[in-house]
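*Asks:* The structure that follows is given in the form of C-alpha cells.
Only the coordinates and a few stated rules stand behind these numbers; no lab work does. A quick note: this is a predicted structure, and the numbers were derived from the prediction, not measured. Cβ atoms come from the backbone with ideal geometry, glycine included; neighbour counts cover every protein chain shown.
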Amino acid sequence: MYTRLPRTVRSAIALTSAIALVSVHATPAGATSPTARAEEWWFDAWEVQKKVWPLTRGGGVVVGLVDTGVEARLPDLDGVVLKGVTFTGSGVGDGREDGDRKKGGHGTAMAALIAGQGRGTGMMGIAPGSRILPIEAGGLDYARSIRYAADHGAKVINISAGSPGSTCPDDLQQAVTYAVQRDAVIVASAGNDGFAAESGAYPANCPGVLAVGGVDAYLKTWEKSTPGDNVMIAGPGVAVGSIGKQGTFDWHLNGTSQAAALTSGVVALMRARYPRMPGRQIVQRILATAKDVGPKGWDKRSGYGAIIPYLALTANVPPQAPNPTYERLDRLNKAPQPSTQGGGSPLNAPNGMDKEGKGGWLVGGALAASLALLVGIGASWLVLLRRRRRSTMRV
C-alpha cells in the first residue's frame, strides 16, 4: 500500500536531497558500513546509527515477507533473501523474483526497507543483519502465507497489504493464532483509505496482528492512513522511498506499507537483542514506549503513538503495561495470557524515560532543509493530496 507524493513536493525534496547525496554516500576511511541515503530521514529521526545499531542490527532474525516476491539479484539485497515460496499463478518459484507488475516492485521495496545492505543504490535497511523469507502471495493467500512463515523460522511476519473487509476471515484468524503460538510477531499496514474505510481491511483488523498507521517526520498523522480500533502504533509513512525490482531508488512515496515494513524492522532489531523475550512482550514494549502524537493518549489513527526504537530496546516497561494486540486475541480464544517471563526487562535499562523523553523524532541536515521547503508549499500540498487519490496496493 503506497502512493506518490505530489509533483510540487517531489521537486522541493529533490533540490536538497541531490545536494546531500555525494557526502552521505561516501564511506569515510575506517568506516565499517555504509551510511543511509539522505532521503532515508528515519535514520536520523530514530538515531539509528548513533544509538540503535550499537545495540543490535537484527542479526540472526528471519522476517517473513508476505508480498509480491523479492528481487534477490539486486546488489542492495544480495545475500539477505532466503529461498521462500510462490503461492500465485503457477505456484512455481521460491519468491526470489518480484512478480509485481503494477507498482514496480512492492515486495522488493519492503524488503529493502527492512534489510537493505547499502550496496548498489546505497539503500540501507533498518535491520541489515536480518534475513528475508519471501512469500509471493495473492490476496486470498494470507492464511497459507502466515502459516508458511511461522513453519519456516520467521519470528517477524510483515504484511504491507490488505484486502477489504470489516472482519477477519476465520481461516486467517486461525493462521494468526497458529503463528502467535509459535511466537511470531505479525505486523500489517493499516491501509491508505483514510476515514473512508475505518477498520475495513484485513489482516490489519485481525486480533493478534500489530496494525501500523503512518506519520510524517513532524509526527503528524498521514491524512490517508486508515483509522480503526485495531491501530496500535504509527511508523514513518510520508516521503518514505525505497528501491524497486529494477534496482533504482524511488524516494517520493507515501503509504502505511512503508510504516509497517519499518516497524517490522524494529521488531527484528528487538528480537535479535533479546532472543528469549516472547513476541507479546516485544509488542508490549513497542506500545509502552511510543511517543504520543495526535489526540492525547491512544487514538484510532496513530494508536499509542510513533514508534521509538531506542526506547523500545532500552526503557523500563512495567509488566502490567497495556497490550491490546494480544489481549484481543486472548479474549477471542478465551485463553489466559501466557507468562512473559523468560526474556524479562533488559538489564541496566535507563530509568525515567517516557513518551516525551529521549528518543523523540529528530530532524536535521538535508532532511531539515527538505522539510522546510515542504512547509513553504503547505497549502498547495494539502490540496493536491486530497485531489490525487491513489489506489492502494493489494497483494
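*Asks:* Working out 0.36 nm times the residue gap between GLN174 and LYS334, then minus their Cα-Cα distance, what length gain in nm do you get to one decimal? Please report the intermediate quantities before stating the final value.
*Replies:* Values: separation 160, 0.36 × 160 = 57.60 nm, distance 1.37 nm.
Value of the extension gain: 56.2 nm.
*Asks:* Give me the net charge for the shell around PRO275: Cβ to Cβ below 11 angstrom, other residues only, Lys and Arg +1, Asp and Glu -1. Please list the in-between numbers first.
*Replies:* Values: positive: LYS155, ARG271, ARG273, ARG276; negative: ASP183.
It works out to a net charge of +3.
*Asks:* Distance in nm between label sites at ASP151 and LYS102, each 7 Å beyond Cα in the beta-carbon direction?
*Replies:* Each label point lies 7 Å from its Cα, and together they span 2.8 nm.
*Asks:* Something else: Given points 7 Å out from each Cα along the Cα-Cβ axis, report the SER166 to THR248 separation in nanometres with one decimal.
*Replies:* 4.4
*Asks:* Order these peptides, 160-173, 82-95, by their mean beta-carbon neighbour count within 10 angstrom, highest first.
*Replies:* Values: 160-173: 19.1, 82-95: 16.3.
Order by mean packing, descending: 160-173, 82-95.
*Asks:* Still on this structure: Distance from the Cα centre of region 164-209 to that of region 243-273, in angstrom?
*Replies:* 19
*Asks:* In addition: What net charge do the residues around VAL85 carry, taking every other residue with its C-beta under 13 Å from that of VAL85, with Lys and Arg at +1 and Asp and Glu at -1? Don't skip to the answer; put the middle values down first.
*Replies:* On the way: positive: LYS83, ARG96, ARG144, ARG147; negative: ASP67, ASP94, GLU97, GLU136, ASP141, ASP151.
Overall, the nearby charge balance is -2.
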